[in-house]
Ligand SMILES: [Mn+2]
């Protein structure tokens with residue numbers, strides 16, 4: 001008889017997802033619903049333990065909201081004989097110990113930044129789980145430095161919120177320390193992108209339980225770890241998050257009218273929806289659309305295709321597909337060589353665009369001039385709260401080309417020319 005353990009990464013109870021469909025209810029799409037789904041799945045599968053890898057709660061201020069959601073889930077699990085064990089992360093280093101005091105059935109491991117273990121039992125198997133909790137938002141301590149674990153008969157797993165291979169103030173560890181620890185696996189919290197976790201020695205990030213903003217694309221959910229015959233025999237990602245984020249690139253080359261574009265977008269969404277599988281399908285999918293290719297359609301028509309948050313498709317199981325962002329990287333159908341033959345500003349612009357496509361010194365000069373101008377803007381403290389500009393060579397060149405082509409497109413339109 002195997003032991004089944006369900007491992008959850010960063011939940012961030014209390015956080016509202018970054019953007020939502022027009023009529024989206026954060027309670028139905030956010031972390032608390034993801035947690036509710038995970039609890040239900042754990043009960044259905046009769047797992048023996050549920051373990052939480054920290055950042056269970058978003059902020060101190062979310063105590064009451066987190067308390068309600070967490071207590072309800074923990075009580076259902078513990079009522080069914082399922083142990084619930086957690087460590088604290090940088091977001092909940094202060095609040096999770098207090099929640100654990102309130103919710104007696106929630107076992108917090110490693111209070112006060114000290115290693116502590118508990119024994120999980122299920123079927124004919126036993127697992128020793130080692131955990132260490134952060135005590136506040138910042139922690140320069142290296143939790144694994146100079147630590148050696150007493151290794152016994154039973155399988156041992158580690159549960160930790162850590163910045164792996166980082167040097168920041170988030171309880172840093174190194175891959176070498178994790179691998180050299182002698183433990184049979186590490187279930188990590190902090191980084192929201194899940195690692196591939198595989199038997200017999202799963203080692204890595206569980207990922208956020210539910211994508212919290214549009215950068216957190218792809219499948220999200222808890223991981224089932226199966227222990228049989230004293231070793232980890234299976235690790236399965238239970239994709240069940242209520243909200244999912246995806247990037248979608250659409251090549252417009254050859255499309256000449258906005259209607260065809262709409263159909264192309266729907267076609268892509270239908271294809272994606274058919275491929276969508278998982279433990280439970282999402283309630284909503286936020287799509288970041290990027291238009292690419294060469295097209296005579298004006299950028300304004302592309303950008304105006306849908307509003308942010310607009311629901312553009314309903315999937316087979318009622319999944320609402322909404323537009324999280326719409327970006328245009330389409331190149332107009334301009335004959336640059338013909339334009340470059342002219343002796344006027346559009347001609348100069350076309351020659352520079354051709355130079356940017358080439359390999360010569362003129363390309364490097366243009367990029368260097370642009371960088372000099374933009375660095376001054378980037379360093380200006382008025383813009384300090386905005387995202388820094390990406391000023392690497394390839395990105396800058398691409399941006400210059402995009403802006404230049406858009407400008408030439410506008411100039412061409414003024415002349416009533418079609419390329
Ligand atoms: Mn964290």
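Shape verdict for the range 305-419, please, from the Cα gyration tensor: rounded (a/c under 1.5), prolate (a/b greater than b/c) or oblate. Intermediate values should be presented prior to the final figure.
On the way: a/c = 2.51, a/b = 1.36, b/c = 1.84.
It is oblate, given that a/c is not under 1.5 and a/b is not larger than b/c.
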What is the spin-label model distance, in nm, from residue 280 to residue 294 if the labels are put 7 Å beyond Cα along the C-beta direction? 4.9
Among 384-392, 111-119, 196-204, the order from most to least packed when residues are scored by Cβ within 10 Å on average: 196-204, 111-119, 384-392
Mind listing P(r) for the range 1-141? All alpha-carbon pairs, 10 Å bins, whole percents. 12, 42, 33, 11, 1
Would you mind checking the range 273-302 for residues with the amide N under 17 Å from a putative spin-label position 7 Å along Cα→C-beta of residue 362? none
Calculated FRET efficiency for the pair residue 193/residue 124, C-beta based, R₀ 30 Å, to 0.05: 0.30
Can you tell me the orientation of helix 63-79 relative to the chain, as the angle in degrees between its alpha-carbon axis and the longest Cα principal axis, to the nearest 10? 50
Per DSSP helix of 4 or more residues, -39500 (n - 2.57); summed, then divided by the residues of the chain. What does that give at 222 nm, rounded to the nearest 500? -9500 deg cm²/dmol
Calculate the spin-label point distance for residue 80 paired with residue 44, positioning each point 7 Å from the Cα along the beta-carbon direction, and give it in nanometres. 1.0
How far is helix 31-44 tilted off the main Cα axis of the chain, in degrees rounded to 10, range 0 to 90? 50
How many Å³ per residue does the convex hull of the Cα positions in the chain occupy? 176
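Once you have the Cα-Cα distance between residue 329 and residue 167, take 0.36 nm times their residue separation minus that, and quote the gain in nm to one decimal. Numbers along the way, then the final one.
Details: separation 162, 0.36 × 162 = 58.32 nm, distance 3.61 nm.
Computed gain between residue 329 and residue 167 is 54.7 nm.
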Estimated inter-spin distance, residue 391 and residue 301, nm [label 7 Å along Cα→Cβ]: 3.8
Have a look at 393, 30, 185 and tell me which one the Gaussian network model of the chain (Cα, springs below 10 Å) gives the largest fluctuation. 393
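Taking square-rooted eigenvalues a ≥ b ≥ c of the alpha carbon gyration tensor, is the range 251-321 rounded, prolate or oblate, where a/c under 1.5 means rounded and, failing that, a/b exceeding b/c means prolate? Don't skip to the end; give the middle numbers.
Working: a/c = 2.76, a/b = 2.02, b/c = 1.37.
Note, shape of the range 251-321 comes out prolate.
Please figure out what share of the DSSP beta bridges in the chain is antiparallel and state it in percent, rounded to the nearest 5.
Values: 21 of 66 bridges.
Looking only at bridges with both residues in the chain, the antiparallel portion is about 30 percent.
Would you kindly state how much longer the chain becomes between residue 380 and residue 179 on full extension, computed as 0.36 nm times their sequence separation minus their alpha carbon distance, in nm to one decimal? Walk me through the intermediate numbers first.
Values: separation 201, 0.36 × 201 = 72.36 nm, distance 4.40 nm.
Length gained between residue 380 and residue 179: 68.0 nm.
How high is the relative contact order of the chain, given as a whole-number percent (alpha carbon pairs under 8 Å, six or more residues apart)?
Working: 922 pairs, mean separation 54.8, N = 419.
Relative contact order of the chain: 13 percent.
Given a Förster radius of 56 Å and the C-beta distance between residue 28 and residue 343 as r, what FRET efficiency does 1/(1 + (r/R0)^6) yield to the nearest 0.05?
Numbers: r = 62 Å, r/R0 = 1.10.
Once rounded, the FRET efficiency stands at 0.35.
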With Cα springs under 10 Å, the Gaussian network model of the chain assigns the largest mean-square fluctuation among 221, 293, 347 to 347
May I ask for the percentage of alpha-carbon pairs in the range 377-419 that lie more than 16 Å from each other? 57
If R0 is 30 Å, what FRET efficiency do you get for residue 406 and residue 270 from their C-beta distance, rounded to 0.05? 0.45
For the range 3-237, the Cα convex hull volume per residue in Å³ comes to 112
Just to confirm the number: angle between the C-alpha axis of helix 393-414 and the first principal axis of the chain, 0 to 90 degrees, nearest 10? 40
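Throughout, read-outs are computed from the coordinates displayed, never taken from laboratory work. Here the structure is a predicted model, which is why all the values come from computation and not from measurement. Counting neighbours? That spans all protein chains shown, and the Cβs are built from the backbone with ideal geometry, glycine included.
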